[in-house]
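S.K.: Please see the structure below; I have some questions.
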Amino acid sequence: MAVYLCHEQPDLLEYEAIVVGSRPGAVNLDRSALHPGGGGQLGDTAVISTPIGHRRVTGIEIDSDGQWWHLLDDPSALVDGPVLISIDGERRRRIAALHTMSHVLNALVFEEFDGTLVTGAQINDDGTGRMDFDLSEVDNDRLRALAEPLNRIISDGVTVTTKYVSTDEAESTSGLVRSLSVAPPPTPDGRLRVVVVEGIDRQACGGTHLTNTAQSPPLTIDKIENKGRRNRRIRFSAAGPFPD
């Protein structure tokens, strides 16, 4: 789990950078505040501005040397020199809201169903998401009923913070890693980034998040699906506009 600039400065949505590597359709910058995606979350998009025009950054490709290549909407475009990066803040906020509230949903399922773990997740940029859980014999109405406490936590305006803990602490803390199949990788110095929804959830994660649950619109649980003998999928979506 790398320590991204977007983790350290989440409000840095417009900034200057220098192109340090260029190839048709992609640039490597001296710094990047985009989230590259991963763990079920889509990466950021942005506009890259130069004195001669603008290109959209549609995603990040990290090569085997750890270099971040910013993929451009024109696969033949060449960009060089100093540039201005403008991240799509509304898209970032929408994904961060869904990701934060997926942690809350995860916490509610974890408590309601005796430590049930996540088997998969996807956060989309259209205001929808899904979470898969290791559940077999369960009444789907119990899962649908979690929409009420989920939205109560949104209206309560609960503080969301992040911190780093040692891998030893992570391994000895029950429920800090909630994925059945894979744990988030540690930072180069052996720590895990933990997202804390105060009094509700504490979970290792490298994604983008809100700083308060009231920044999220209400959510609806749209559908419960059986995906195999031991897997239930909860589909959810934002039910209204973002608060001002």
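S.K.: Residues in the stretch 123-139 that are assigned to a loop (DSSP other than H, G, I, E, B), more than 16 Å from R230 (Cβ to Cβ) and among the polar types (S, T, N, Q): how many?
M.R.: Final tally of qualifying residues: 1.
S.K.: Of all residues in the stretch 46-98, which are touching a residue at least 60 places away in the same chain (Cβ under 8 Å) and more than 18 Å from the chain's Cα centre (by Cα)?
M.R.: If the condition is that a residue be touching a residue at least 60 places away in the same chain (Cβ under 8 Å) and more than 18 Å from the chain's Cα centre (by Cα), then V79, D80, G81, P82, V83, L84, I85, S86 are the ones that fit.
S.K.: The conditions are (1) out of contact with any Asp or Glu (no Cβ under 8 Å at 6 or more places or on another chain); (2) surrounded by 13 or more Cβ atoms within 10 Å (Cβ to Cβ); (3) at negative phi, and D168 fails exactly one of them. Which is it?
M.R.: Just one mismatch for D168, condition (2).
S.K.: Say we look at the stretch 99-122 and pick out the residues that are in a helix (DSSP H, G or I) and acidic (D, E); which of these is nearest to the chain's Cα centre (by Cα)?
M.R.: Filtering the stretch 99-122 for residues that are in a helix (DSSP H, G or I) and acidic (D, E), the one nearest to the chain's Cα centre (by Cα) comes out as E111.
S.K.: Going through the stretch 1-24 one residue at a time, which ones are surrounded by 15 or more Cβ atoms within 10 Å (Cβ to Cβ) and within 15 Å of R92 (Cα to Cα)?
M.R.: Y4, L5, C6, H7, P10, L13
S.K.: Could you pull out the residue among R232, R193, R202 that is at negative phi and more than 18 Å from the chain's Cα centre (by Cα)?
M.R.: R232
S.K.: Right, something else. Here is a list: T167, T161, T128. Which entry is farther than 23 Å from R232 by Cα and at pLDDT 95 or above?
M.R.: T161
S.K.: Within the stretch 1-22, how many residues are part of a loop (DSSP other than H, G, I, E, B) and aromatic (F, W, Y)?
M.R.: Within the stretch 1-22, residues that are part of a loop (DSSP other than H, G, I, E, B) and aromatic (F, W, Y) number 1.
S.K.: I48: surrounded by 20 or more Cβ atoms within 10 Å (Cβ to Cβ), of a type in the set (V, I, T) and part of a strand (DSSP E or B), yes or no? Reasoning before the result, please.
M.R.: Working: surrounded by 20 or more Cβ atoms within 10 Å (Cβ to Cβ): yes; of a type in the set (V, I, T): yes; part of a strand (DSSP E or B): yes.
Here the answer is yes, as I48 does meet what is asked.
S.K.: Test V27 against the criterion of being surrounded by 13 or more Cβ atoms within 10 Å (Cβ to Cβ) and either more than 29 Å from S216 (Cα to Cα) or in the same structural domain as T213 (by TED's automatic domain parsing) (or both), and give yes or no.
M.R.: Yes; evaluated as a whole, the condition is true for this residue.
S.K.: Which of the residues belonging to the stretch 54-97 are closer than 29 Å to L210 by Cβ and assigned to a loop (DSSP other than H, G, I, E, B)?
M.R.: Those that are closer than 29 Å to L210 by Cβ and assigned to a loop (DSSP other than H, G, I, E, B): G66, D73, D88.
The values are calculated or read from the model by the stated rules, or taken from the named source; none is laboratory data. Predicted model, so just to flag it, every value in this text is computed and none were measured. Because the Cβ atoms are built from the backbone with ideal geometry, glycine has one as well, and the counts that use them run over all protein chains shown.
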